[in-house]
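The values are calculated or read from the model by the stated rules, or taken from the named source; none is laboratory data. Bear in mind the structure is a predicted one, so any value in this text is a computation, not a measurement. Counting neighbours? That spans all protein chains shown, and the Cβs are built from the backbone with ideal geometry, glycine included.
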Amino acid sequence: MSENNLAQKQDLLRLLDQDYHQTHDQLARQLGVTPALVGQMIRELEDDRILVKCQPIINWEKAGLEDVVALIEVKITPQREVGFDAIAARIYRFPEVRNLFLMSGTYDLAVTVEGANLKEVAQFVSTKLATIDGVVSTTTHFVLKKYKEEGVIIDDEEADRRLLVTP
Amino acid sequence: MSWADRVSPLVRSIPPSGIRRFFDIVAEMSGVVSLGVGEPDFVTPWHIRESCVHGLQRGYTSYTSNYGLLELRQEIARMLEADYGVVYDPKCEALITVGVSEALDLAMRALLSPGDEVLVPEPCYVSYNACVSLAGGVPVSVCSSRENEFRVTVDQLAAALTPRTKALLIGYPNNPTGAVMSREDLAAIARFAEQHDLIVISDEIYASLTYDGEHTCFASLPDMRDRTILLNGFSKAYAMTGWRIGYAMGNADFIGAMTKIHQYTMLCAPITAQIAAIEAIKQGTASRNKMVDEYDRRRRLMVDGLRNLGLDCFEPRGAFYVFPSIHNTGLTSLQFAEQLLQAEKVALVPGDAFGACGEGFVRCSYASSSKNLADALDRIGRFVTPLLK
């Protein structure tokens, strides 16, 4: 990637981060390039897995499809050669796992798990997660309310309150 | 005699702001994409708002010193020394005001005697001339030109000089043109001011919004500190327009005189907003820089977009305005603005609202999301393309 090209791609990513729901044409005009180039850059970013995925943030509670989310602290024994990665890989392949981070501090892995109800999540932790070789302990915290997700305030948007013409 | 006749002749003689009239038209319409807004589209960064809430919770609800909170004055003095190497005594050479607007009014009232003339390079912010007039002075318009990218020259100033000229009122980076003056440009003005013993009022509210280079603080030029009243504030740099916090820096005699008026008319700027301003100046650099980067990206989008439509547009290096020429459309600024609004619902401000030499230009603010700007450019394109054939 040339430096100029990199800067352009970073600008493109910023625009997508603000609002991914824009056409190539809209993006092209903001970047001052052709829509074809935008398409090409997006393909390259996807191929390089820099642009990993664009997905909406949904207020499921409001949509009437409430599910249960838990943050689970997991302590593990790292393994020779592969360290934490092998255990992490075993955990993140479960579709129930939404996020998985390696942490510094008092525990090793932070796991976010989603399920239809409390029982489903509890069952996943006790039968799947806690039983993996190398997992020493788990502490499960259920989410009671989401205020902000992925940088977006769920239900308290700040509107543009400016007058239309000011000096 | 009607009530209107009882209003002072001086106030009656001052024309209402050209922007106000246009605002009334726009306010009636819906679905307008506005490039007419002279304030940041960002909300004040949360840490600044939060500091104000915290201040209220701790009971900071009283008057402050007429000069403003000492801590705020100290922080401003510290920043000016660090950024520009210009040193002020926060105790007697700094005054916190209700926006730069108040500071400008105070400066004029503190300096001018009836009939004193003030050189005002145009196009300029809408209140410059009115503030001079209300203080009993006479504003003398000095036209800057597109050819020199709206930087005023010593020759232009010299042509307007009379024995009554007392002061020079400049504002760079400039609203509405986005023009900035280089250090050399300003040094020439400084020599001129010294030669003719003029006081310089320098409104530097857009100083932080300078792209491609460093802002030069007029007071930092050799021998200019005592001759200059430096005006600045928090509105543009920290997206704090509604908080109304500005400041004036200058020699103790000027600041003392301004403070005398301030103490009888305003008493002090609101303490809540002063507390927020302390947070802004101490912790706000990162959020400020982020906003400046975003403006810079939009600036390039707007300049390229307008040029691609066939409108002549010099590259603005400051503030958040572009000032394209609409001469080749065959319309006046007002016609252009009104017809564009009716046809495509894009609001911008006719250039003559900022002085006669703004005729033939329009002010486009890019303090709006890049999506809005791209949309506005499309609409402007549909409007001007047939006119330029």
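Tabulated data
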quantity	calculated
Residue within the stretch A:137-146 that is of a type outside the set (A, V, I, L, M), over 30 Å from B:PHE42 (Cβ atoms), surrounded by 15 or more Cβ atoms within 10 Å (Cβ to Cβ) and away from chain B (no Cβ under 14 Å) present	yes
Hits in the stretch B:378-389 - residues which are within 11 Å of chain A (Cβ to nearest Cβ) and at pLDDT below 95	B:ASP378
Matching helices (runs of 4 or more DSSP H) fully within the stretch B:266-357 where at least 1 residues are in contact with a Leu (Cβ under 7 Å, 6 or more places away or on another chain) and within 14 Å of chain A (Cβ to nearest Cβ)	B:285-308, B:333-344
Only listed residue being of a type in the set (Phe, Trp, Tyr), crowded, with 17+ Cβ neighbours inside 10 Å and outside the structural domain of A:GLN18 (by TED's automatic domain parsing), chosen from A:PHE101, A:PHE94, A:PHE124	A:PHE124
Evaluation of A:GLU114 against (1) buried (at least 16 other Cβ atoms within 10 Å of the Cβ); (2) closer than 14 Å to A:THR77 by Cα; (3) not β-branched (Val, Ile, Thr) (one fails), failing number	(2)
Verdict on A:LYS119 being of a type outside the set (Gly, Ala, Ser) and loosely packed, with under 13 Cβ neighbours inside 10 Å	yes
Of all residues in the stretch A:5-38 being surrounded by fewer than 14 Cβ atoms within 10 Å (Cβ to Cβ) and more than 14 Å from chain B (Cβ to nearest Cβ), the one that is farthest from B:ARG297 (Cα to Cα)	A:ALA36
Counted residues, the stretch B:76-128 - those being more than 14 Å from every other protein chain (Cβ to nearest Cβ) and assigned to a helix (DSSP H, G or I)	18
Residue in the stretch B:297-310 that is among the small types (Gly, Ala, Ser), in the same structural domain as B:LEU35 (by TED's automatic domain parsing) and over 23 Å from B:ASN148 (Cβ atoms) present	yes
Unmet criterion (only one of (1) within 14 Å of chain B (Cβ to nearest Cβ); (2) of a type outside the set (Gly, Ala, Ser); (3) touching a residue at least 40 places away in the same chain (Cβ under 8 Å)) for A:ASP160	(3)
Where B:LEU387 falls short, out of the listed (1) farther than 30 Å from A:THR23 by Cα; (2) surrounded by fewer than 20 Cβ atoms within 10 Å (Cβ to Cβ)	(1)
Residue check for B:ASP41: over 30 Å from B:ALA347 (Cα atoms) and either modelled with pLDDT under 95 or within 14 Å of chain A (Cβ to nearest Cβ) (or both)	no
